[in-house]
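Working notes, structure below.
The values are calculated or read from the model by the stated rules, or taken from the named source; none is laboratory data. From a predicted model like this one, the values you see are computed outputs, not experimental measurements. As a convention, Cβ positions derive from the backbone with ideal geometry for all residues, glycine included, and neighbour counts pool all protein chains shown.
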């Protein structure tokens, strides 16, 4: 199959998995072709330094029939909000490290066409209907309120911002500046550092500062994957869950958000910090095996392994039919913990032959977590 670029002067011909570039001075037409996902992934694995693929338009074809129907106004609004969030999130170069021109095409013509409705559906599954708010926002607000109430310094403003969506980091920093704040402390709520999480928070903070004529002083609280108060809070939450169930786990599955393997190969320490947290938890809970896995991958490339979903499918075959899951890398319950693990993960595990499955809630706004957050802040005041 041969793909021609937009002006018909250059083409790529696939021959046994290899790309052969051909040029023509007289061709005046462009021809649409097809290319296998695996071949495309191989071709762009190392980016597009010459701009070769930036001149081609790749349109993924759906492999399943899509049933069209009328959406309610609420569903339409949820899909629009999900699309806006996904566009901001997936446009972050820290999150997606591929050729920006090619990614822009894939993002706008494929991902933002099909994924928002799927994301909106996932949020609907875990939406807090009485409060009419997502669990992530609900617990973030609660954390902010409780930390503020425990700090004796009444001149200290405690507020929150979202890396993607609202309230934005930029808007909150401008609000703090207008309130007369000359010293700002940033606490990224990611226990284990990764470029795609902690670093992108810092990036957004710095971008905001760059546009301020009168900049406040700035402190950024570092990662806290091995902080004793953090480990104690996780262990206490596990013990509390163990005391509330009437079966003994064969395994505790510690599931962390994944990142592409190539990010780790480039020097991202995230993988090491996750295993460090699991090791420190294991030292406090010696009677039950704890296994580290990684979740939430998407796309064809290799991510950190073992994968959470594949592990849940294989555990019953290994004789581990009673599993307790925990997500230590998430400071609040959210769609990744509640929908991906507590709903989808549980269903997959039981369908594969598992007998008992439960999940330890994230630290959310429990007392141990508030003590930890207060301690991290006070160390930097």
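For the reader, a short list of remarks on this structure follows.
- Of the strands (runs of 3 or more DSSP E) contained entirely in region 217-300, those carrying at least 3 residues that are over 20 Å from the mean Cα position of the chain (by Cα) and over 30 Å from residue 115 (Cβ atoms) fall at 217-220.
- Among residues of region 219-264, those that are in contact with a helix residue (DSSP H, G or I) (Cβ under 7 Å, 6 or more places away or on another chain) and farther than 23 Å from residue 332 by Cα, counted: 2
- Residues of region 206-255 that turn out to be surrounded by 19 or more Cβ atoms within 10 Å (Cβ to Cβ), under 17 Å from residue 362 (Cα atoms) and in contact with a strand residue (DSSP E or B) (Cβ under 8 Å, 6 or more places away or on another chain), as a count: 7
- Meets criteria (out of contact with any strand residue (DSSP E or B) (no Cβ under 7 Å at 6 or more places or on another chain), at pLDDT 95 or above and in a helix (DSSP H, G or I)) for residue 331: no
Results for (1) without any contact (Cβ under 8 Å) to a residue 12 or more places away in the chain; (2) within 18 Å of residue 270 (Cα to Cα); (3) assigned by TED's automatic domain parsing to the domain that holds residue 238; (4) buried (at least 18 other Cβ atoms within 10 Å of the Cβ), shown as yes or no for each residue.
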| position | (1), (2), (3), (4) |
| --- | --- |
| 300 | no, no, yes, no |
| 310 | yes, no, yes, no |
| 317 | no, no, yes, no |
| 324 | no, no, yes, yes |
| 329 | no, yes, yes, yes |
| 334 | no, no, yes, yes |
| 338 | no, no, yes, yes |
| 349 | no, no, yes, yes |
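- Complete set of residues in region 182-205 that are under 22 Å from residue 95 (Cβ atoms) and loosely packed, with under 13 Cβ neighbours inside 10 Å: none
- Scanning region 256-279 for residues that are surrounded by 19 or more Cβ atoms within 10 Å (Cβ to Cβ) and without any contact (Cβ under 8 Å) to a residue 40 or more places away in the chain yields a single hit, 271.
- So residue 282, is it surrounded by fewer than 21 Cβ atoms within 10 Å (Cβ to Cβ), under 29 Å from residue 98 (Cα atoms) and in contact with a strand residue (DSSP E or B) (Cβ under 8 Å, 6 or more places away or on another chain): no
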